[in-house]
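Trainee: Please read through the structure below; I'll follow up with questions.
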Amino acid sequence: MIYLSIGSNLNSKFGNRFDNITKAVSLLKNKKIKIKKISNFFETPSYPNKKNPKFINIIIEIEYNLKPEYLLKEIFVVERKMDRKRNLKNAPRTCDIDIIDFKGQILNNKRLNIPHPKAHLRNFVLYPLNDINSNWKHPIINKKIDFLIKKLNFEKRNEITRMKESVIINL
């Protein structure tokens, strides 16, 4: 299984945060990436600066037959089409796509770390991932997702909101 996290906290030419994520999913699908499952939308405060606009995030499960490095290139193309700017770390953005898990592989080089090095600490990854695969186990820590969610501090467990909206796209 391959899991991607997609987030947005700025409006764009495509619309609001929800529209941005839906458009990003559509662009990934157009890259011949097979979308298997899509979580509900989840909203969280911006990190680390909570004064920035709130984020909307989802997790998608995909099928992809090439190497993770090629997937990363496809992701960068989609982010550019979504007008993603990489000026400042943690700055507000129209689209942010991260590879969370790539078939359980462990990869650590200058360009790519898999699984995502902070996935087990992020509510906006764990809750949507649990939404589509409650049996997921972290490839390095070897702990199931419910354990990782329980390890989040009280604030992280309570500052996330599952939204009523969801991505509407033909799989």
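The values are calculated or read from the model by the stated rules, or taken from the named source; none is laboratory data. The shown structure was predicted, so the numbers you read here are calculated from the model rather than taken from an experiment. Every residue, glycine as well, gets a Cβ built from its backbone with ideal geometry; the counts of neighbours run over all protein chains shown.
Trainee: Those residues that are more than 21 Å from ASN49 (Cβ to Cβ), surrounded by 13 or more Cβ atoms within 10 Å (Cβ to Cβ) and over 15 Å from the mean Cα position of the chain (by Cα), I need them from region 83-104; list them, please.
Mentor: Hit for region 83-104 is GLY104, nothing else.
Trainee: Further question on the same structure: Which pairs turn up if I take residues in region 108-132 that are touching a residue at least 24 places away in the same chain (Cβ under 8 Å) and look for partners that are in a loop (DSSP other than H, G, I, E, B) and among the β-branched types (Val, Ile, Thr) with beta carbon separation below 7 Å, at least 6 apart in sequence or on another chain?
Mentor: Partner pairs satisfying both residue conditions: ILE114/ILE106; PRO115/ILE140; HIS120/ILE141; ASN123/ILE160; PHE124/ILE160; TYR127/ILE160.
Trainee: Say whether the condition of being over 13 Å from the mean Cα position of the chain (by Cα), closer than 20 Å to ARG122 by Cβ and not in a loop (DSSP other than H, G, I, E, B) is met by at least one residue in region 5-12.
Mentor: No, the conditions are met nowhere in region 5-12.
Trainee: Which one of LEU152, LEU126 is aliphatic (A, V, I, L, M), more than 15 Å from ILE100 (Cβ to Cβ) and at pLDDT 95 or above?
Mentor: Testing whether each residue is aliphatic (A, V, I, L, M), more than 15 Å from ILE100 (Cβ to Cβ) and at pLDDT 95 or above leaves just LEU152.
Trainee: Hey, can you tell me all the residues within region 30-52 that are among the hydroxyl-bearing types (Ser, Thr, Tyr) and within 13 Å of SER5 (Cα to Cα)?
Mentor: Result: SER39, single match.
Trainee: Still on this structure, I have one more. Within the bounds of region 93-116, is there any residue that is at pLDDT 95 or above and small (Gly, Ala, Ser)?
Mentor: yes
Trainee: Could you tell me which of the residues ILE75, ILE35 is under 16 Å from ILE132 (Cβ atoms), in contact (Cβ under 8 Å) with a residue 24 or more places away in the chain and out of contact with any Gly (no Cβ under 6 Å at 6 or more places or on another chain)?
Mentor: Sole residue among the options that is under 16 Å from ILE132 (Cβ atoms), in contact (Cβ under 8 Å) with a residue 24 or more places away in the chain and out of contact with any Gly (no Cβ under 6 Å at 6 or more places or on another chain): ILE35.
Trainee: How about region 114-139: which of its residues are farther than 15 Å from GLY7 by Cβ and exposed (fewer than 14 other Cβ atoms within 10 Å of the Cβ)?
Mentor: Within region 114-139, PRO117, SER134, ASN135 meet the criteria.
Trainee: Moving on to the next point. With buried (at least 20 other Cβ atoms within 10 Å of the Cβ) and among the aliphatic types (A, V, I, L, M) as the only criterion, which of ILE35, ILE75 stands out?
Mentor: Just a single option satisfies the conditions, and that option is ILE75.
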